[in-house]
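K.L.:
Got a structure here, written out as structure tokens. Questions coming.
Please treat every number below as a calculation from the coordinates, not as lab data. Predicted, not measured: the structure shown is a model, and the values here were computed from it. Here the Cβ is made from the backbone with ideal geometry for all residues, glycine too, and neighbour counts use every protein chain on show.
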Amino acid sequence: GGHTALLGKTQDFFQICDTEGKGFVTRRDMQRLCEELPLSSEDLEDVFDSLDADGNGYLTLEEFSSGFSEFLFGRRIS
Amino acid sequence: DPNMKGAAANEGVLANFFNSLLSKKTGSP
């Protein structure tokens with residue numbers, strides 16, 4: 001159902017970041033996205049830091065998807 | 001709380017990021 005579709009979308013997005021198909025995203029991969037997305041490399045650095053929950057410098061699909069679901073469901077409107 | 005402030009700022013950046021990915025996906029099939 002919807003959960004599977006969401007998982008697929010997360011994987012799509014993860015692959016956009018992980019252009020080399022390594023299975024994880026590095027800070028450098030993230031910075032490369034500033035050519036494709038309307039975000040500065042500084043913004044992308046912030047994104048990386050917020051998604052890299054354990055701060056080891058590698059963004060896994062699990063970390064990526066938990067950040068994505070937080071964006072989808074956990075966003076608080078003040 | 002400075003941590004709360006940082007989280008709120010990051011939330012905006014994250015939202016921007018995922019929104020961009022979403023529009024990129026739909027923008028180029």
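K.L.:
Which order do peptides A:41-53, A:15-27, A:60-72 fall in by mean Cβ count within 10 Å, highest first?
P.N.:
A:41-53, A:60-72, A:15-27
K.L.:
Here's a follow-up. Pop a pseudo-label 7 angstrom from the Cα along the beta-carbon direction at both A:Asp12 and B:Glu11 and give the gap in nm to one decimal.
P.N.:
2.6
K.L.:
Same structure again: If you build the Cα gyration tensor of chain A and take the root of 5 times each eigenvalue, what three semi-axes come out, in whole angstrom, biggest first?
P.N.:
19, 16, 13
K.L.:
Moving on. Using alpha-carbon pairs under 8 Å, 6+ residues apart, how would you state the relative contact order of chain A in percent?
P.N.:
Taking the mean separation of contacting Cα pairs over the length of chain A, I get 28 percent.
K.L.:
Go through A:Ala5, A:Ser69, A:Leu51 and say which Cα lies farthest out towards the positive end of the charge dipole of chain A; charges sit on Cβ, +1 for Lys and Arg, -1 for Asp and Glu.
P.N.:
Result: A:Ala5.
K.L.:
What is the gain in length, in nm to one decimal, between A:Ala5 and A:Leu72 on full extension, counting 0.36 nm per residue of separation less the C-alpha to C-alpha distance?
P.N.:
Additional length available on full extension: 22.8 nm.
K.L.:
Rounding to the nearest 20 debye, state how big the charge dipole of chain A is about its Cα centre with +1 on each Lys and Arg Cβ and -1 on each Asp and Glu Cβ.
P.N.:
280
K.L.:
Considering every residue in A:42-54, what mean count of other chain Cβ atoms within 10 Å of its Cβ is obtained?
P.N.:
Whole-number average of other-chain Cβ neighbours for A:42-54 is 3.
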